[in-house]
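Below is one structure, written out as structure tokens, with a few remarks after it.
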Amino acid sequence: MGFETKTTVLGSPQYYQLASTAKRYTLRDNGFTETNGGNFQLIRPLQATPQSKEGFQLKITVAKDIKTFKMSVTTANGLKAVNLFKDPKHEMLREKFTFLMDGFIDRGLFEEVTK
């Protein structure tokens, strides 16, 4: 999966793009870490207990130019993408994903867009 200007996680009807107010320090202030390649990455567990090493995690990688990004919800080992919107038993995880993304929108990192 490559970097795109607007994207979503598997199964989600809502698309996101980077806000014009997103800057390097804004990313760092919101938990993103700089990778060796200069990109910014956030890996956040979606389970009820953050210490749990099982379950799903949200992965967002922003390119170093802060114009494109990619995001996915993966298994705990980060190797396989998961569709949270397919199974009704993932309702709490969908709410947590939406809560995290709404927080990023409020802090000026992302914007909701139509496909």
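The values are calculated or read from the model by the stated rules, or taken from the named source; none is laboratory data. Because the structure is predicted, anything quoted here is derived from the model rather than measured. Heads up, the Cβs are rebuilt from the backbone with ideal geometry, glycines too, and the neighbour counts pull from every protein chain shown.
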ask   = Quick check: is even one residue across region 92-115 polar (S, T, N, Q), surrounded by fewer than 15 Cβ atoms within 10 Å (Cβ to Cβ), in contact with a Phe, Trp or Tyr (Cβ under 7 Å, 6 or more places away or on another chain) and not in a strand (DSSP E or B)?
value = yes
message = Testing K70 on (1) farther than 18 Å from D106 by Cα; (2) modelled with pLDDT of 95 or more; (3) crowded, with 18+ Cβ neighbours inside 10 Å, one condition comes back false. Which one is that?
response = (3)
ask   = Is there a residue being exposed (fewer than 12 other Cβ atoms within 10 Å of the Cβ), at negative phi and in a helix (DSSP H, G or I) anywhere in region 43-58?
value = no
task = Please verify whether region 9-18 includes one or more residues that are modelled with pLDDT of 95 or more, in a strand (DSSP E or B), under 14 Å from the mean Cα position of the chain (by Cα) and of a type in the set (S, T, Y).
result = yes
